Structures are given as structure tokens and as C-alpha cells.
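Scroll down for the structure; my scribbles are underneath it.
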Amino acid sequence: MSTAETTESVSAIVALDTIEEFLSYLSPLVDEAKLAFTEDGLRVAAVDPANVAMVAVELDAAAFEDYEATDTTIAVNVSRFADVLAAGRDSLVQLWFDATRRVLEVQIGATEYELACIDPGSVRQEPDIPDLDLDSTVILEADELSHGATVADIAQSGDSTRVVLGTQTGPAAFVMNATGDTDTMDITLEADDVIDLQVGGDVSSMFSLDYVTSILKPIDDDTEVTVDVGDGYPTRFELQFSEGFGNVTYNLAPRVQT
Amino acid sequence: MSTAETTESVSAIVALDTIEEFLSYLSPLVDEAKLAFTEDGLRVAAVDPANVAMVAVELDAAAFEDYEATDTTIAVNVSRFADVLAAGRDSLVQLWFDATRRVLEVQIGATEYELACIDPGSVRQEPDIPDLDLDSTVILEADELSHGATVADIAQSGDSTRVVLGTQTGPAAFVMNATGDTDTMDITLEADDVIDLQVGGDVSSMFSLDYVTSILKPIDDDTEVTVDVGDGYPTRFELQFSEGFGNVTYNLAPRVQT
Amino acid sequence: MSTAETTESVSAIVALDTIEEFLSYLSPLVDEAKLAFTEDGLRVAAVDPANVAMVAVELDAAAFEDYEATDTTIAVNVSRFADVLAAGRDSLVQLWFDATRRVLEVQIGATEYELACIDPGSVRQEPDIPDLDLDSTVILEADELSHGATVADIAQSGDSTRVVLGTQTGPAAFVMNATGDTDTMDITLEADDVIDLQVGGDVSSMFSLDYVTSILKPIDDDTEVTVDVGDGYPTRFELQFSEGFGNVTYNLAPRVQT
């Protein structure tokens, strides 16, 4: 290793709940992830192995109790890190990166855990996220989406399943629907049923239900989610956490409608 | 299809809890069931594939918020219907039968679900229920029966199991008992232990424990159940729901005592 | 059977919770156990099939609502006895030993259960417990130990796992640690972190994590556990229950450190 590496440094204290929530948004898509610390905060971008869904999670330095970092990118096993936090018996976590041994030291109360870092080069590189200008935008509570996913699954009897997300103009509404071998389901949420609705036309795109269900799983029922949809385009789910200091964006590629 | 079918019609609004409870009493015995709507209300009678247990569930038109029906019999997949209700995000359900497409439209809040109907001819025909005059009758809370089933299972170590239900005259009591390879269990509920007790003699009949356990599963612990038993005869469990507008009757055939 | 056996007698009434808790401390290690009743109370000593862990549970006669016994040793299936208690619908249990039929009659409310006794000769004989004088002693809440076991498991990724228990002198602390293929964990509990700490030196012993986890499972999180440890010696966990009338001691053999 070159001496240049010794400039990498991370020393931070953060609420256990906050860093746990951060990791929870990665778990549905990846086992390993690259944590990029900069002086502004922590950012992770990742793509699932099938290249269908991307996630970017950001946590501002202001969300930490204490935060000092130079540009440092480390890769870790997400679920093992999450397990250590879940077992934590204190409300605060201290993180310190040992650049020489390439170990993330995780201190929670009397417990010190050394999480070995992975070679960042072995972690799947996330593609650039296209800056799509999608037609319609709805803001609604996460459980409206989860409910749609649940009923779509029933209508398709648990077979390899799809769900269509879109908007309609007459009357203006966000729509979710699914068609099984015998049953169908349609959810029509008009402006009064959601927090905000901007309809850009009669548009719809079809998505893998498994991905939608996985992405929604860690999101609390009453979390406000902003959904952008187009016609045959990817969809984007966006939400805030940690009193607005945290931000999560999912981009999900559409399935071809048959 | 003949034009006569166009006279079939169902249009009803009912509390989600009520129709969910209705279906819950069918689930232990059958996957598919025929729903018979008349102007008086809804009735289902069904028998399990092994012909051991019959169930009849009735819900009076007065239990509905709104009810209009001509004689209409449709067959549905019980668990799929129950799943749609379980996912419901509103307290009311609107049911409407599309006689042309033979689809039951289930509307719950913003969610419209089209439940395809099955050919009623493909659903097992329930036998006539013999009007047995059984010797003894006890009224007790459902969890007294569930407790008996649990302990009977322990005594028989989970092997193919039986439970005996009966009454004794000295002192007057409702009894449940089971005999395993090494252990035995006896429950003796006298008049003071139950809500009502009418003993017609020293009688007992043996039943499959699996059936008893299945039948009891959807019944709330504190529900009053009327149990009629005879000597080597079927037993009958009866209970009310929906403030008395709903009625459930199970008839369970005895096993031969060895 | 000889007439001498007719002198065996047990007749007792005890709180269901108390006898349930008694059995819960045996369940992690053995399926069958010998219950030794004397006029002073009930005592069980048992060793697991691999001869790694011993348990002794004692319940003073004063913990019973009513207690009369001559020297009587019976062997029973622990989990079946526990299941009958778990299903109990009353706060008191009446125990009566039928010496002629070698059956333990368990009466809970209206339920009478006859638990067949096993031949005590068929139950593994417990070895004498060596009266070790271990170096260090810590008293702490059970969940401190459970937490250590959980994190040790994470560090070793669920492989065949070990945990080291010990004490250090500078600063004085009770320590738990584990080393996995890539990660490590260290818990250091100083005097302020525990209820009491007596450090006899820098000592440590390694144990099978599976045994530690099993032993801790029935113990309530806030139960005070006294842990005695030495250097390469067995460890001893001791706790009280039933307002001090019950006592539990586990002795766990060390694994050879590699």
C-alpha cells in the first residue's frame, strides 16, 4: 500500500437508530456496499446484481453527533454491519476507520467490534444514474404503495409477478394495477387520497413486483414517498430520513409490457 | 348461457370485519365454496374433502350496511377472497356481482379487485345435514375447548390423535379426555365451570383431534360455543357472530372407538 | 416391585409459574430428568449428552403453597411436563405421585394430566460437580451475557463458534471476546458496568457459544447472574428464582484454546 492511503480518515459518532436506518435502505438490494465518506457526510450508491434497481443513500455530516472525515471509501458487508448495530445496547455508535489494518472499528457502549473492510474493487460498480425527466409525480405514504404491492400479489397468486404504476388524466389520479390469470386489481388514488399529485398525462410503466416489495420493506408505513413515473420509463422513489439530513433514492428499471 | 342468468344480481355493502369473519369459518375445511345470496342474506354450506366435517355459515341481510340480491349462487376461492379483505385499507367493502363476466367485484376504498368466479358445479356438493337429536348440550367459551385440544395433543405426543367429548351424570359434567401411549388427560367441567350444561346421560364420542383443532382455530377465545354431543354420534358446534346476525354450525363425524 | 416403594410419596401444590420456571432451566440441556423430592424440597441435577454442561436446580419446600414428600426420585420427560404447564388455565398446580402406577398426577384447574414416569435408571447419571475455586467473580444482568453471545455469533458468521470469558486487571474488568475469520469483538465491562466485580487476575477460558446461548435462553434479561471464571477452567453461572427459594447452577466445561 502507498503512503497516500494514510490520508484516509473517518472518526464519527452517530445515533444508532440513524446509521441502522441508513443501512436498512441498502439491504433489499445488495449484500456488500461501498461507503463513501467525505467531509460533507456519508454516501452510498449501489446496484443490485441483476442491474434492475439502483439505490443512493446520503447522510449529511450534520446528522452525526460528531463527524470528521477526509475522502475515504470503504466497502463492507452490509448485513453483518446491520447485525452488530441491531445487537447494540447503547443509543450512540462510534465509528473509526483504521486505515493501516483496513478495519472499521464500531464501538457501542462497552462493545468494540472490528468490521473487516472488503476490497472496494470487488464490489459491483454502480452505473451513473440517468437524470430522467419523468412525466408525473405523486407524494404518498409508503403503506399505500405496500398495499398495492400486496393486492397485486394476491391477484397473481404468487406467480412471477408484475405491477403497473402510472397516472391517468380523467379524473387525475395515481394508479396501480395488476392482472393475474383470472383476477385483476386496480387502485386509483385521486388528489384527495394522496399528499400531492402532479399528473403529466396518461402514462404507465410495468415493474417487477418482487423489486417493488423488497424496496418498500424497510420503509415505515407513514413515511412520505415521492414517486416519479413516466410511460415505459424507470420509476423513482425518493424519501427523507433523520429529520431531513438523510435522503434515499431508488431507481427501478421497467419490465417490457407483454 | 341463457338469458335466465341475467336475473342473478348481488349488490351489497358490508363491514370488512364481518365478511372477513364469515370467510374465516370456512377456511379450516374448504379452499373453494359456493356463496348463496338470497334476498334474506348470504349462506354457505360446505363439506371437507374427506367428508368428515360440514360447516354452514349464515349472515342475515340485516348485518349488511346495504343489501340487494336476487337468488344468486357463485363459487369462489375462499383464501384469495380472504387475502384481499385482509389487505383492505377501509372499514367497508362493496360487493357487486357482474353476471355477464361472472366476476365478483370487491371494492375497498380506492382498491377495486375483480375476483373471478369458479363454476359452482366444480365445487363439492354438501350433503344434507341430518337433524340429529343429541343427548347433551353444553355452552362454554371457545378457549375451554381449545385448551382441551391442546392437552389432548400433548398426551398423545403429536401422533395421529383423537379426543373424546361427552357428558357424565355423577356429578353432572362435560368431559374431554384423551389417552396416549403413556399419558392420559381428563378435563371435567361441571355446571359452575361453564355457561350452561344440560346432561342427557353418560355419553361420549371420539373425534379426530386435527379436525377439532382446525375448527376451533378461527374462533375467538371468549366466543360462546354451544356443543351438542351424543353416544357415538356426530357432535355439533354452534356459535353466533356479527351481533347475532351471523350463525355458524359445524357438524363433525365421530371416529370409531377402538 | 418391593413393598419398600410404597414409602415413596409426593403431594404438593405450587404456583404454575414457579414450576414452569423450574423446568425451563433444564430444557436447554436435557430431554429427560430425575426429579428428587425430599422433605426439604425438589432438586434436579443433570448433564447434557455430550457431557459438556451440568445443571442443578433446587426449589425449597417453602416455595410451595403446600408440600409433603418423603424421599422420592422420579424421572420424567421434561418437555412434555413443560407443555402441560404451558397449556394450564389456572395459577396453581397440584402434583401427586401415584407410587403404585408410577404416574405423576398433574392437576391444573379442571384438567387432570397423568404424566407417566420413566425408569430413573435410563436417565443419564450426573457426575459429581467438582467444587472449583475459580479466580474471578462477576455479578451482572443476564442480558449483558446474551448480548455478548449475540455479537460473538455475528463476528464468527454463524460458523462453529466460541466465546472467551475472563477478567483483566488493568483496568479491572469482566471481558467477553470472539475472533472470526475477518472480524473480532471485545466487550469490556468495568466495575461501574456491572452489579459486582471481583477480579482475581488476568484469566480467560474459551467456551462453546452454542452452549452459552442455550443456557442463557430461558433466563430473563434482568435476572442477576453470578459468573465465576478461571484460567482454562470451567465457568459457573448461578442465579436465584422464586424470591430466593429457587437456585440454579450451571457448570460449563471449557474448550481447548487453539
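FYI, it's all coordinate maths here, none of it is from the lab. None of the values given here were measured: they were computed from a predicted structure. Counting neighbours? That spans all protein chains shown, and the Cβs are built from the backbone with ideal geometry, glycine included.
I want to check the label-to-label distance for B:D90 and B:E39. Put each point 7 Å from Cα in the C-beta direction and report it in nm to one decimal.
According to this spin-label approximation, the distance is 2.8 nm.
Taking every residue in B:103-111, how many Cβ atoms of other protein chains lie within 10 Å of its Cβ, on average?
Neighbouring Cβ atoms belonging to other protein chains average 5 per residue here.
Looking at the protein assembly as shown, what % of the alpha carbon pairs are farther apart than 48 Å?
Values: 124414 of 299151 pairs.
So the pairs more than 48 Å apart make up 42 percent of the total in the protein assembly as shown.
Sort A:174-185, C:169-180 by the packing proxy (mean of other Cβ within 10 Å over each peptide's residues), most packed first.
Top of the packing list down: A:174-185, C:169-180.
Would you calculate, for chain A, the mean residue ellipticity at 222 nm contributed by helices, counting each DSSP H stretch of 4 or more residues as -39,500 (n - 2.57) and dividing by all residues, to the nearest 500?
Value at 222 nm, helices only, nearest 500: -4500 deg cm²/dmol.
Counting only residues 5 or more places away or on other chains, whose amide H sits under 5 Å from the amide H of B:T161 once H atoms are built in the peptide plane?
Amide H neighbours of B:T161, under 5 Å, 5+ apart: B:L209, B:D210.
What is the distance in Å between the Cα centres of the stretch B:180-204 and the stretch C:208-258?
Cα centres, the stretch B:180-204 to the stretch C:208-258: 44 Å.
Using only the Cα atoms, work out Rg/Rh for chain A, with Rh taken as the Kirkwood radius, to two decimals. Provide the component values of the computation, followed by the final result.
Details: Rg = 20.1 Å, Rh = 19.6 Å.
With Rh from the inverse mean 1/r over Cα pairs, Rg/Rh is 1.02.
Quick one: divide the alpha-carbon radius of gyration of the stretch B:79-213 by 2.2 N^0.38 Å and tell me what you get.
Cα-based Rg divided by the globular estimate yields 1.54.
For C:F37, what charge total do you get from the other residues with a beta carbon under 11 Å from its beta carbon, if Lys and Arg give +1 and Asp and Glu give -1?
So the environment of C:F37 carries a net charge of -3.
Please work out the ratio of the alpha-carbon Rg of the stretch C:66-137 to 2.2 N^0.38 Å and round it to two decimals. Don't skip to the end; give the middle numbers.
Details: Rg = 16.4 Å, N = 72, 2.2 N^0.38 = 11.2 Å.
Cα Rg divided by the expected 2.2 N^0.38 Å: 1.47.
Provide a whole-number value for the mean count of partner chain Cβ atoms within 10 Å of the Cβ atoms in peptide A:140-152.
Details: counts 0, 0, 0, 1, 3, 0, 2, 7, 4, 1, 6, 9, 1.
Mean shielding by partner chains, rounded to a whole number: 3.
Give the calculated FRET efficiency between C:E243 and C:S27 to the nearest 0.05, with a Förster radius of 30 Å applied to their Cβ-Cβ distance. Walk me through the intermediate numbers first.
Working: r = 22 Å, r/R0 = 0.73.
Efficiency for this residue pair is about 0.85.
Does anything in the stretch A:227-258 have its amide N under 15 Å from the 7 Å Cα→Cβ label point of A:D202, and if so which residues?
Answer for this model: A:231-232.
For the stretch C:9-122, take the convex hull of the Cα atoms, compute a quarter of its surface area, and give me that in nm², please. Before the final figure, lay out the partial values.
Numbers: hull surface 26.0 nm².
Its average projected convex-hull area is 6.5 nm².
How far, in nm to one decimal, is B:T226 from itself in the other copies if the label point is set 7 angstrom along Cα toward Cβ? Shortest first, please.
6.2, 6.2
To the nearest 0.05, how large is the calculated FRET efficiency for B:E190 and A:S9 if R₀ is 60 Å and r is the Cβ-Cβ distance?
0.20
Averaged over its residues, how many other protein chain Cβ atoms are within 10 Å of peptide C:62-71's Cβ atoms?
Taking all residues of C:62-71 together, the mean is 0.
Could you work out the Kirkwood radius for the stretch B:206-258, taking every pair of different alpha carbons, averaging 1/r and inverting it, reported in Å?
12.1
Given a cut-off of 22 Å, what percent of all Cα-Cα pairs of the stretch B:170-258 lie beyond it?
Roughly 32 percent, rounded to a whole number.
Enumerate the amide H contacts of B:S9 below 5 Å, restricted to partners 5 or more residues apart or on another chain; note that Pro and chain-start residues carry no placed amide H.
The list, which skips near neighbours in sequence, is B:T70.
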